[in-house]
Structures are given as structure tokens and as C-alpha cells.
2 protein chains.
Amino acid sequence: MATLAVPESLPSVAEDCEQLKKAFEGWGTNEGLIISILAHRNAAQRKLIRQTYAETYGEDLLKALDKELSSDFERVVMLWTLDPAERDALLANEATRKLTPSNWVLVELACTRSSHELFLVRQAYHARFKRSLEEDVAYHTTGDFRKLLVPLVSSYRYEGAEVNMTLAKLEAKILRENISEKAYNHEDLIRILSTRSKAQLNATVNHYNNEFGNAFNKDLKFDPKDEFLALMRATVKCLTCPEKYFEKVLRLAINKSGTDEGALTRVVTTRAEVDMKRIKEEYYRRNSVPLDRAIAGDTSGDYEKMLLALVGHENA
Amino acid sequence: MATLAVPESLPSVAEDCEQLKKAFEGWGTNEGLIISILAHRNAAQRKLIRQTYAETYGEDLLKALDKELSSDFERVVMLWTLDPAERDALLANEATRKLTPSNWVLVELACTRSSHELFLVRQAYHARFKRSLEEDVAYHTTGDFRKLLVPLVSSYRYEGAEVNMTLAKLEAKILRENISEKAYNHEDLIRILSTRSKAQLNATVNHYNNEFGNAFNKDLKFDPKDEFLALMRATVKCLTCPEKYFEKVLRLAINKSGTDEGALTRVVTTRAEVDMKRIKEEYYRRNSVPLDRAIAGDTSGDYEKMLLALVGHENA
């Protein structure tokens, strides 16, 4: 389901490093060469390139990229080159900072990664920031947002497919009661969203839909302007149909007057190796325009080229 | 700091298994032989013995022990033989059950293990119970207890020694304000206890003590009968001076009219390989009786022999 395209016959890691070094040298940077290498290597291969580059030239590849590139193109290459867990730790840290706060990004990271991936993010967070992820999230949020976000980023959900239907029915009823009473921040509602396995939660919201005639997320739209309710809906969407969640983030990022490059770059770099094919299908279904054409119409230059390489333009 | 004594020259794993098999066979069980082997092998060695036993005799060693042994002796041998993460997962699960609930055991497991050990417990919990630890804890608790216990069992604290003194002062003040207002369940108080690193929390309570003239835990004793306050004090103790916490659990278990074998067995099996030497020092300092003598005075038979072997009676 990834869109990342790795060539069948690869140059050696040493050759990749040599080419990258060449791309940085001389008059001006060879951005095309950088894209042709990095955008076509998977996470394990990029990690090896980064290690070998540091050993060979005594400089972190990321530092070199930082010196040579700029603005949106720099950001997309930098995020892409990072190890997925390190990248997520960085995104999470930015999301807790005063200047770039984003509860949405925290929900996205906590709910669309596998349990083990989220644990690796927490490990990477320790290593890079000398604090824990939940510590920073708890410190920088308050009230209902804290109540929802801290358990989400601390979760280690069971990932088996087993579903307890009796429990699903019981908890669908609890959700219904909380919603009827407009108790959207009720501790049971948050408990169910933040601790149940994705399979179990899916069964619960399906039963809710069947039993009460309305989708759970529709009922959470009581006040469309309420930011906490919007975040709850994003939580449910990320947990039960991530490709639809990502389609919407891309749609809003592209349709905005003045593209939201932050969101576009984040989704492309974090999903290209995971489920971008499904997201592209969803995008086409919802917008009647292929994602790569929409990206091409909204971006330009090396930034555009890098994004298109990652979403698999060539085989679109 | 462990009291576990492993002989310098060990028989092979196959020999250990053969001897164990022999101990189960014939008329009556040879409990002494079982103790002489299992009580003197570390976690990695016991794991190998369990694997080899299963491969050789087609039966799980734990099943065989279950058939041959009974009551307190069975429990101590069984808990000891388990892999530490599996053992903790089992103890945590029992603590969430209706018949054997224990918020204390949950606090103990969440706060005296290292961050990585606690993560391994959560993994083992998935494997054995097909649910997540935090899911069961959240489901089986309510109110303030849930508010405290869920973040504690979900935590993955930073473990570096770095301390931010400005933050420690700020948070000591927050703790003081919460306590002055008797807001013992205040979300900031719980946030600080459940997310800060042990080093940071230690600095905070030290500053509290210096600045406000009273130990934080003393101030948490406003109502000595309040169970939630007692659990908060246990949390602080487990995080900042675990050996004192364990000394107290042992003291109460032994001094009780009718020993609390559950607590005694739990502490001995979970700490023998970790910090039982420190706990013994603490016990002697507080009770003027060596721990092994206290245990010998309060227990008997094979159960006594197994406990004494684990707390290092021979070299006491």
C-alpha cells in the first residue's frame, strides 16, 4: 500500500553517499540528484545512507541537507530522511511547542500508528528531547484537551482482531448516554476511545450506528464549531478509517487559499511508505482529481518534484 | 543488590530439567530438590530451563509444578519461575480482578519498575490476556483512583539524571497550592506524579521539603484513613525510595496477626533479583531484626525454605 518506489537494482550505499556529496558540491546544489536518490530509498536504506555518510564525510547528512536546501523543499527532504520514529518524535515535539501547537498532529500520531510504532516514537522522544512525550503533552495542554491527549499518546493498545460483542454493545450504550447528556468530556467516553483496541472500538461504533440510527461521529458534530468535539471526531476517524482522515487533511491542505505546506509535507512523508496508495484512492473518490495532479497544480519547483516522487507520480 | 545466589559452577540446563523431572516422580514430591535448583537460577537461566523442559518432556514446567505443589509454596515457586515481565503482567491482572482487586499492587508495579521493564509488562499483558493493561485498569476502576492509576500504568518516564531546578521549584509550588486547597485529586498534582522522571520528581519533593518545612508525603497525610491519599503516598514512595516502600510492605505482611502471604511472596519473588539487599538493610534498620529471621519466625515448611533461599539466608 506504499507509494514509495525503490529501483530493483540499487547502487551501493557508498555510491549513494558519493552522489549526495557531489550534489552538495560546486556551484549550486543538484536538487534533482538528491531527489533521485533519497526519494527512492526505504527507511532502512536511508538509515544506512545516513550512517555511512557520517562515517565517510564526518558530517551528519541532515546537517548537510540543512546547509544546502531551504524552505519547503528542505523540510520535505529533512522529514523524509529521518527515521520514522525520530520523525514522529520531532513532529510531536513541535506540536507541543507554544509557537507551533497542534492537538491534531498529536491525535494523528497517537492514533494512526501501530502500538509498537507509537512506543518507538516514545523511545525516540526520550533520546532526542530528554523528556517523555506524555510529560510534554500533559504540561502544554489543559482541561479536556489534556484529558483526551495524554491517554492517547500514552496508549499501547492491544492489536489482536478479537472482538467482544457483549462489551461492544455495552460501550455503545455508554457512548450514547454520554452523547445524549452532552457529556462529551465524560471519563468513560475518553476511556473507551483511548484504551480499546482498534478492532474493538470499530465494533462499538458499528453497533452504535446500527442501534441508534446515526453514526457516532455524526452525533459528535452537535456543535460544528466546538474544537474539542472536532478533535474527538478526528480521534475516531484516525482509529477506525485512517485513510479517510488523511484524505481530508490533504484535501483541506490543497484547497486552502495558499496551500498548507506543513500538513501536505507531513502526510506525504509519513504515509508514503505506509498506506499512501489507499489514501490516493480515497482522494480520487472524494475529489474526482488524482492526488498527484492536485499536488502538481498547487506546488512548484523541487518541492513539487519531491512530493510527486514520494506519492508515486510515475506509476499513478 | 540482588539476594539471589547462583552457584559458580552450574549443572547443564538438561541436567537441571532431569533433576526437576525426578523431583516430581515417584512417591511424593522432592520439594528440597526443586528449591535447590529453581531458587538458585537467575531469570535467563529459569527461562532456558522452562524451554528445555517443555521440549524434553512435552509439558510446561509451570503445569508440572502446579500439579505437584500446593498452597503458598506452589504460589512462590510459580511466581518465581515465571519470566519477570510475565509475572508482573499476572500480578497486574489479578489486581484488576473483582475478587482480588489491589490498587496498591498496580501502583507498586507501575512505579518501582524501570520504564523499559514496565513496557515489557505491557507487552506480556497483551500476549497473555489479549487486552491492554491500561484498558483493564481503566475499566475496573473509577473516579480519582482511575485518574491516578491509568496514567501511572501507561507511563514511559524519561530515565536520565537531568534535573530542571526551575521546573522543580515551580512544581513544588503547584503541589503546595493543591495541598493547601485540599485538592488532592487535582489534575496538576496527578500530572506531576505520573509524568515526571524519577530524578525530576525527587528534586521537586526535596524542594518542597526545604521550602515548606514539611515533607510532601507528610502533608499528604491530612486524613490518615483516606484510601486515595494513602495511595498517593505509596506512589511518591515507590518513585523516590522504593526500598522503604518494600520494607513497609514486608513489615506489615509479617506483623499482621496471620501473615499476609500474598504480599510476602510478591515482594520476595519480584525483588530477590533486583534490590532485596537494600530492602534487607532497610528492614533491619527499621525493625532491629534481620528479615530472614522475621520470615523464619512467621512461616514454615517448604514455603519458608523457598523464601529464605531467595532472600539469601545463607549469606545473611
Given (1) closer than 30 Å to B:L167 by Cα; (2) surrounded by fewer than 22 Cβ atoms within 10 Å (Cβ to Cβ); (3) within 14 Å of chain B (Cβ to nearest Cβ), identify the lone condition not met by A:F228. (3)
Check whether at least one residue in region B:78-87 is surrounded by fewer than 16 Cβ atoms within 10 Å (Cβ to Cβ) and at pLDDT 95 or above, and report yes or no. yes
Counting only residues in region B:191-215 that are surrounded by 23 or more Cβ atoms within 10 Å (Cβ to Cβ) and out of contact with any Ser or Thr (no Cβ under 9 Å at 6 or more places or on another chain), the one nearest to the other protein chains (Cβ to nearest Cβ) is identified as B:Q200
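Conditions (1) touching a Pro at 6+ places or on another chain (Cβ under 8 Å); (2) more than 19 Å from B:A263 (Cβ to Cβ), marked per residue:
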{"residue": "B:V76", "(1), (2)": "no, no"}
{"residue": "B:N103", "(1), (2)": "no, no"}
{"residue": "B:E108", "(1), (2)": "no, no"}
{"residue": "B:R113", "(1), (2)": "no, no"}
{"residue": "B:E117", "(1), (2)": "yes, yes"}
{"residue": "B:Y125", "(1), (2)": "no, yes"}
{"residue": "B:R128", "(1), (2)": "no, yes"}
{"residue": "B:D136", "(1), (2)": "no, yes"}
{"residue": "B:T141", "(1), (2)": "no, yes"}
If you go through region A:82-104 one residue at a time, how many are under 23 Å from A:L4 (Cα atoms) and in contact with a Leu (Cβ under 6 Å, 6 or more places away or on another chain)? 3
Please enumerate the residues belonging to region A:228-268 that are under 13 Å from A:V107 (Cβ atoms) and in contact with a Ser or Thr (Cβ under 9 Å, 6 or more places away or on another chain). A:T235, A:C238, A:L239, A:P242, A:Y245, A:F246
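Is it the case that A:R41 is within 18 Å of A:V311 (Cβ to Cβ) and out of contact with any helix residue (DSSP H, G or I) (no Cβ under 6 Å at 6 or more places or on another chain)? Break it down into steps so the answer makes sense when it comes.
On the way: within 18 Å of A:V311 (Cβ to Cβ): yes; out of contact with any helix residue (DSSP H, G or I) (no Cβ under 6 Å at 6 or more places or on another chain): yes.
Criteria met by A:R41.
Scan region B:12-29 for residues that are assigned to a loop (DSSP other than H, G, I, E, B) and either in contact with a strand residue (DSSP E or B) (Cβ under 7 Å, 6 or more places away or on another chain) or at pLDDT 95 or above (or both) and jot them down.
Keep residues of region B:12-29 that are assigned to a loop (DSSP other than H, G, I, E, B), which gives B:12, B:25-29.
Listed by number, the list holds a single entry, B:S12.
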Please enumerate the residues belonging to region A:229-277 that are under 11 Å from the mean Cα position of the chain (by Cα) and of a type in the set (G, A, S). A:A263, A:A272
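Consider B:Y53 carefully, then state whether it is over 30 Å from B:G258 (Cα atoms), of a type outside the set (S, T, N, Q) and surrounded by 21 or more Cβ atoms within 10 Å (Cβ to Cβ). Lay out the reasoning, then the answer.
Numbers: over 30 Å from B:G258 (Cα atoms): yes; of a type outside the set (S, T, N, Q): yes; surrounded by 21 or more Cβ atoms within 10 Å (Cβ to Cβ): yes.
For B:Y53, the condition - over 30 Å from B:G258 (Cα atoms), of a type outside the set (S, T, N, Q) and surrounded by 21 or more Cβ atoms within 10 Å (Cβ to Cβ) - is met.
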Quick one: in region B:151-162, of everything that is farther than 16 Å from A:L118 by Cα and in a loop (DSSP other than H, G, I, E, B), which residue is farthest from the other protein chains (Cβ to nearest Cβ)? B:A161
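A quick yes/no check of all residues on (1) modelled with pLDDT under 95; (2) polar (S, T, N, Q); (3) surrounded by fewer than 21 Cβ atoms within 10 Å (Cβ to Cβ):
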| position | (1), (2), (3) |
| --- | --- |
| B:P242 | no, no, no |
| B:E247 | no, no, no |
| B:R266 | no, no, no |
| B:V289 | no, no, yes |
| B:I295 | no, no, no |
| B:T299 | no, yes, no |
| B:A316 | yes, no, yes |
Just need a number here: residues in region A:92-150 that are touching a residue at least 40 places away in the same chain (Cβ under 8 Å), away from chain B (no Cβ under 12 Å) and over 16 Å from the mean Cα position of the chain (by Cα). 3
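Mind listing just one residue for me: the one in region A:163-185 that is of a type in the set (V, I, T) and surrounded by fewer than 19 Cβ atoms within 10 Å (Cβ to Cβ) and, of those, farthest from the other protein chains (Cβ to nearest Cβ)?
So the first thing to find is which residues in region A:163-185 are of a type in the set (V, I, T), and the list is A:163, A:166, A:174, A:179.
Narrowing the set further to residues that are surrounded by fewer than 19 Cβ atoms within 10 Å (Cβ to Cβ) leaves A:163, A:166, A:174.
Details: A:V163: 11, A:T166: 13, A:I174: 11 Å.
Top of the filtered list is A:T166.
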Looking only at region B:184-236, count every residue that is among the hydroxyl-bearing types (S, T, Y) and modelled with pLDDT under 95 and tell me the total. 1
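The values are calculated or read from the model by the stated rules, or taken from the named source; none is laboratory data. Source: prediction; values computed, not measured. Heads up, the Cβs are rebuilt from the backbone with ideal geometry, glycines too, and the neighbour counts pull from every protein chain shown.
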